[in-house]
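Working notes, beginning with the structure itself.
The values are calculated or read from the model by the stated rules, or taken from the named source; none is laboratory data. From a predicted model like this one, the values you see are computed outputs, not experimental measurements. Quick reminder, even Gly has a Cβ in these numbers, built from the backbone with ideal geometry, and neighbours come from all protein chains shown.
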Amino acid sequence: MRQKFVCGNWKMNGTIEETRKLLFQLNVEWSKTCENIEVAVCPPFTSLLIAKHELEFAKIKFGAQNCHWQDKGAFTGEISAVMLAELDCTYVIVGHSERRTLFGETNETVAKKAAAVIQAGMLPIICVGETEKEREANQTEAVLRAQIEGSLATITNENCSKMVIAYEPVWAIGTGKNATPAQAQEAHAFIRSELKMRYGNAADSIQILYGGSLKPENADAIFAQPDVDGGLIGGASLDAGSFVRIIESAAETRA
Ligand code: PEP
């Protein structure tokens with residue numbers, strides 16, 4: 001049985017002090033023991049150290065939002081997976097659509113980053129998703145297939161259990177317009193079928209998160225879909241109350 005997983009992507013939000021306060025609130029709000037769910041937050045790089053301290057005794061893990069695939073070298077402004085592992089990150093998001101569209105990330109660089117993250121002992125959260133134009137042109141499956149083939153090119157049968165996939169339709173990210181539960185399920189089932197072709201039955205154990213305007217109001221219905229194993233949450237993860245309601249929704253729907 002796949003465990004539900006809810007991960008907050010804070011993007012470029014949160015000073016060190018704001019991170020400390022938000023994690024404190026999160027720890028207070030989410031005091032229930034929840035053994036059947038994984039929770040993580042991905043703050044900006046500058047807040048990872050305070051996250052490590054604040055979450056030392058918490059059930060919440062943390063990760064980063066990006067990395068470089070080389071361990072070190074002349075790559076001004078970059079941070080390597082090895083450096084993130086040293087901070088005890090559990091996850092690294094790779095291939096988020098904002099990085100693909102605003103920073104020129106390609107399937108090839110995503111694949112290299114994913115391999116570096118696994119090599120450093122962490123789990124990549126590999127993002128895929130179609131634009132509105134692609135969906136309207138009935139290209140959703142072709143786009144997802146190409147992203148899976150390209151971005152997972154470095155993931156072998158041996159290490160396919162060490163990654164998480166996030167299906168994030170670009171048109172739903174930060175727009176307030178979420179995929180319907182049926183649209184999410186259809187895309188997730190398609191992604192799982194592609195994973196099955198690559199990895200066989202091991203695909204049944206790979207977590208596939210939904211991301212795109214997930215909120216407490218729509219979480220129950222989306223999390224109830226059989227191939228939706230949790231969520232990657234942007235905006236709503238910046239409010240401890242909303243994030244906790246989404247976590248609880250995921251924990252309840254996994255019963
Ligand atoms: C995201 O950026 O990964 C995301 C899903 O954002 P939002 O929840 O704000 O749509």
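For residue 51, indicate whether it is under 22 Å from residue 80 (Cα atoms), at pLDDT 95 or above and more than 16 Å from the ligand (Cβ to nearest atom). In short, yes.
All conditions but one from (1) of a type outside the set (Val, Ile, Thr); (2) surrounded by 14 or more Cβ atoms within 10 Å (Cβ to Cβ); (3) at pLDDT 95 or above; (4) over 26 Å from residue 192 (Cβ atoms) apply to residue 30; the one that does not is (3). State whether the residues of region 26-42 include one that is within 16 Å of the ligand (Cβ to nearest atom), in contact (Cβ under 8 Å) with a residue 24 or more places away in the chain and part of a loop (DSSP other than H, G, I, E, B). There is no residue in region 26-42 that is within 16 Å of the ligand (Cβ to nearest atom), in contact (Cβ under 8 Å) with a residue 24 or more places away in the chain and part of a loop (DSSP other than H, G, I, E, B). When region 91-120 is limited to residues that are surrounded by fewer than 19 Cβ atoms within 10 Å (Cβ to Cβ) and hydroxyl-bearing (Ser, Thr, Tyr), the one that is farthest from residue 171 (Cα to Cα) turns out to be 106.
Applying a threshold of 8 Å to beta carbon distances and a minimum spacing of six or more residues, or different chains, the list of pairs starting in region 230-250 at a residue that is under 19 Å from residue 64 (Cα atoms) and ending at one that is within 8 Å of the ligand (Cβ to nearest atom) and in a helix (DSSP H, G or I) reads 243/236; 243/237. Those strands (runs of 3 or more DSSP E) of region 66-185 in which 2 or more residues are in contact with a Ser or Thr (Cβ under 9 Å, 6 or more places away or on another chain) occupy 123-128. Take the conditions (1) of a type in the set (S, T, N, Q); (2) away from the ligand (no atom under 16 Å from the Cβ); (3) without any contact (Cβ under 8 Å) to a residue 40 or more places away in the chain; (4) in contact with a Phe, Trp or Tyr (Cβ under 9 Å, 6 or more places away or on another chain); residue 253 misses just one of them, which is (3).
Going by what's in this entry, would residue 217 be described as at pLDDT below 95, charged (D, E, K, R) and surrounded by fewer than 21 Cβ atoms within 10 Å (Cβ to Cβ)? The answer is no for residue 217. Under the condition of being within 14 Å of the ligand (Cβ to nearest atom) and either more than 17 Å from the chain's Cα centre (by Cα) or in a helix (DSSP H, G or I) (or both), the residues counted in region 225-244 number 7.
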